[in-house]
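Trainee: Take a look at this one; I'll ask things after.
Please treat every number below as a calculation from the coordinates, not as lab data. Quick caveat, the model's predicted, so the values are computed rather than measured. Every residue, glycine among them, receives a Cβ derived from its backbone with ideal geometry; neighbour counts consider all protein chains shown.
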């Protein structure tokens, strides 16, 4: 941490900073410049945070230097982690595809979608039984009935299940049906949910909030990790910008940035980023080439009747194209395609 | 709703759209242009949404025309509403100040802050007992003990209490202590919480998500309203942009825009928008002058020791400046200052 | 400037930084922490910039502390400046209204618009003869004929002229007709134009780029100032964000932020920010109340036939409302309305 | 074009719209809904634009349906174009690498950088002699001396030259030295420069403005095309968002979106997007995999002494990695690596 003093700060102002830091058990080093004096702090950053140094007379700015997350940081955990979900790995040596329908609608739609998922190379089946929708008038999901459909389809196809939980109270209901619990973009800052999921004993897929910085995303992961659960896979799914040609702007750079900052695996959702079927294949290829540890893709046997995000769901032809891209690109990236 | 056909769409494609719309109980009118044909739809928009018209062959785009919220819309409720909180009105003829500490820390800090709130012209006391913090290592609030402090200070000062609820499961605990329940910016998309709060029988202060559009904000209000609770006050508190000089960018235009779209009252939080004490007074004046129905302001007896957002909290001198600005500007805006 | 060393940096790495800084004529102070070492630099920041310290082995980050502009900075020029345009002041004690048509179309339209401008309380007439338009198919302005119309209308009404220049080669043509040269939002980063205008011997109205930070805006002003011209008035006109309800998002906080960083006057354009007539009056009030040194407003005798931005132009009734708001708010803000 | 009438619009209001459109030579079709009436327009969109229909009584909104650019649109030019620069193709069947130093500094630095460019697989040499810099105190380039160095190095290495022009008046000077003229991100809205470059008879590399939408970028290309020059290559280089971990956010989706909207080639600049050397290789791979027609990369023999953007410049090892990635990915994408 660095304290920047204002040009008009007095010698006494600087000493007050140094004294306060030392009282809090830290140490402080003063560098006097021509127009500015800066004070470098050594010690416990959170203790310094609590000092409200920016409030002291003569202080212009307080600049944080180190990252605010610990358990998910790569700083003291240099090897990238492998997270295993019902035997399926996510990590630096594999490439893992999750696919399925945005929403579980009927048993046959889900089963057909699971077969499409397999055709796309998926090792895990995604499908929402609880849907967080911007409009209260939009389809909200089948609830527990949807979970039972997922369980049946999983048994039939052998694909483990990734499904979303949207409410702390719902974790107890959803967890037994899920091999991996998904936190959606609108819930990345739902701290009660993060903590509940952290305690549920299941791997977590944590989507980035569309308005969240990479640092905030890693802090959300830290909430989960704090409860003793480090089986977290991060999922970049586009951020909100001024561009309107796509639903969101896929922040492809976030993948290598996160891999440098955190030891957790990170995958990409090309379906929700673009919100357009024609962008799914090129964005999948980009995700694999940039070094993502996997992708998550929407498929639907009949997108024209889909109750949720039909515009972006792939059908059989496009699912096969994804499988081909994955098969070609994974060895080039030094990865093996993960199987269920 | 308008369906835009692609240049290469055939006569059959157009007829398919018209037929599908009519099957769903609506009507459709075709306008043929030189390069484009468009089809205007008449009837129930949600029924049309479910048709996934964008999926049909030859369809280029589907453009929604009407707003997706109903209960909070001004379209069929032309008069702006007055929401009353423990006798304190929010509405078109009044100007209502909420003030208090960001976080409840101790009884004496809260009592002193409440007195500062009164000095700033406040009719309601804000104070957080449960704090949603980006970092799990940051101060998380006193919990129920904080609620009891708020109750004591409210009894002593006569100021009704506005306090945040961060979790559906916590609504039952918080509601009896609160005259108004606050939904914070990170929870604007927490639909389970919105619904729980909608059913709690208390007025709600709904902050705008920092990554949310005005339309999404009104949809979040619609979630609350759907549970039968229309006692909702909206609070603009800054959105996330590329500018880094302020913590957020106060979207001052949102106030008149919302007042035109919705009958609900709308206030401004100048403290969290800017995140800087020196901006609170000018932004308060701007909020009043743009026509906001009130403001919400952070005060603290000793910002240097504040456990949360001390950099933006006002002390006695600045609180008095806010009171002066409010006293001068409210009659100019044709409003009476609301009292507890 | 502060150099942050990586956790794995060696003692030699740190010494290399210190040596390089001293070779460049500066001094460096080392603060060793538990996980990090930081080096504070004292001396000429530009000399340090040229060292590319971030390239050195073991360097994690280089954090700039001081602002990169000088002539327009308030740091060494504590009093806020007054810029005078043909006798009309912009500064801390006055409130100056610029008004006129977006584009000069005909002599009678311009004359009527100038009368509307006066009715709105304007001391200066704006009007574009050269229009930078996103589409090459949109109306591009009358050129020199428009400048002559402006001159005639100025002579008739006594209002000095503010008009835009869009091209370095055009400055010589436009300057004799202009009392103040306007740089539009799309040209804020047109450095050749900034320099040419800086040498033209006329006051400059510098609009903020809709994608530019406050710091970049002040750097653009520095380009003009470097040519010896400090008669610069800044104009906030909205930035680009994800919100689509308004054309741009007026960054009202930019006014007090800029007034703290720079001694230059700063005004607000409520017409182009919102892009909607119904927002002009409330945003004008907000601009005055936040402390802006003036406003710039579009008026048009018949917006329905306007060749440019008719949706935001005020007519007689609204112009009178602006005049009333200005008359009421300027004394409250301790300002006198500027007259031509 | 579609005109949406307000709920309170009368029959006469609707007729007024229809009459006005017909007077302007178009036709209009009315669709009456339960709460809304819409009017579909058929005819010349620009003629309709000039009618200011949004100004008419009872009109709520005017929705544009077709794209505002023509010459660069793919709508009437289905085949994607090939642009040839001194014999080097940019187009759907090739993959073209541009590389070189951000700024030309000395003959030997430029020559070494050109050799690095070749090592990276480049068919064209980039290098700036005129640098548009945010700060007037930053390095501004060597000017004509830099152009002569580029010419010498081009003669020595056989690499054609891509160099930036920052000012309409400079086009005459720069064009004879350039095989391709570059318009930088800050000048994308410099319409005078676009027109001058359009008339210069040289292919153009048009970077996207960091604050510009895809539509605005294509409109900028239309300005060039209008002067008869369709030899335009578009270059995505990152947009400005709230994320601060990277200098800009590479909008990787823009590549397939542009390829669908326009017949012009589009390449990616992974160096300026991220602003970090460690991101160049992964972003290059992503660009190739998403389907870009090429990439543009900064190289420098000694980034530690670079006068411009040294933090992102590649040296020999990383240049070779880029060459390998290009060699592997181009055949997979059905492309041949372009050679000088």
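Trainee: What angle do you read, to the nearest 10 degrees and between 0 and 90, between the alpha-carbon axis of helix D:277-290 and the longest principal axis of chain D?
Mentor: 50 degrees
Trainee: Could I ask something else about it? Roughly what % of DSSP beta bridges within chain D run antiparallel, to the nearest 5?
Mentor: Taking every DSSP beta bridge within chain D, about 40 percent pair in antiparallel fashion.
Trainee: How do A:69, C:139 line up, fewest other C-beta atoms within 10 Å first?
Mentor: In increasing order of surrounding Cβ atoms, one gets C:139, A:69.
Trainee: Return the calculated 222 nm mean residue ellipticity for chain B, to the nearest 500 deg cm²/dmol, obtained by summing -39500 (n - 2.57) across DSSP H runs with n ≥ 4 and dividing by the residue count.
Mentor: That calculation yields -10000 deg cm²/dmol at 222 nm.
Trainee: Now, a different point. Placing the label point 7 Å from Cα along the Cα-to-Cβ direction, what are the distances from residue A:228 to the equivalent spots in the other copies, shortest first, in nm to one decimal?
Mentor: In nanometres, ordered from closest: 4.2, 7.6, 7.8.
Trainee: Then there is this: Using the 10 angstrom Cβ neighbour count as an exposure proxy, how do D:213, B:84, D:96, B:241 rank, fewest first?
Mentor: B:84, D:213, B:241, D:96
Trainee: Based on other C-beta atoms within 10 Å, arrange B:12, A:131 from fewest to most.
Mentor: B:12, A:131
Trainee: With the cut-off at 1.5 for a/c, could you classify segment B:83-337 from its C-alpha gyration tensor as rounded, prolate or oblate?
Mentor: It is rounded, given that a/c, with a ≥ b ≥ c, falls under 1.5.
Trainee: If you line up the long axis of helix C:11-23 against the longest principal axis of chain C, both from Cα atoms, how many degrees apart are they, to the nearest 10?
Mentor: 60 degrees
Trainee: Using a label position 7 Å from Cα in the Cα→Cβ direction, what is the ascending list of nm distances from residue B:24 to the same site in the other copies?
Mentor: Label point to label point, same position, other copies: 3.1, 5.8, 6.3 nm.
Trainee: Going by the alpha-carbon gyration tensor, a ≥ b ≥ c the square roots of its eigenvalues, is the protein assembly as shown rounded (a/c under 1.5) or, if a/c is not under 1.5, prolate (a/b greater than b/c) versus oblate?
Mentor: rounded
Trainee: Sticking with this structure for a sec: Is the shape of segment C:255-340 best called rounded, prolate or oblate, per the rule: a/c under 1.5 gives rounded, else a/b larger than b/c gives prolate, else oblate, with a ≥ b ≥ c the square roots of the Cα gyration tensor eigenvalues?
Mentor: prolate
Trainee: Using Cα centres only, tell me the gap between segment D:76-139 and segment A:126-171 in whole Å.
Mentor: With segment D:76-139 and segment A:126-171 each reduced to a Cα centre, they are spaced 50 Å.
Trainee: With the label 7 angstrom out along Cα to Cβ, how close does residue C:76 come to the same site in each of the other copies, in nm, nearest first?
Mentor: Result for residue C:76, in nm, nearest copy first: 4.6, 5.9, 6.6.
Trainee: What percent antiparallel are the DSSP beta bridges of the protein assembly as shown, to the nearest 5?
Mentor: 40 percent
Trainee: Related question: Using only Cα atoms, find the angle between the long axis of helix D:214-226 and the longest principal axis of chain D, and express it within 0 to 90 degrees, rounded to the nearest 10.
Mentor: So the helix axis and the longest Cα principal axis differ by about 80 degrees.
Trainee: A further question on this structure: With respect to the symmetry axis carrying chain B onto chain A, which residue of chain B exhibits the smallest Cβ distance to that axis, and what is the value in whole Å?
Mentor: B:211, 1
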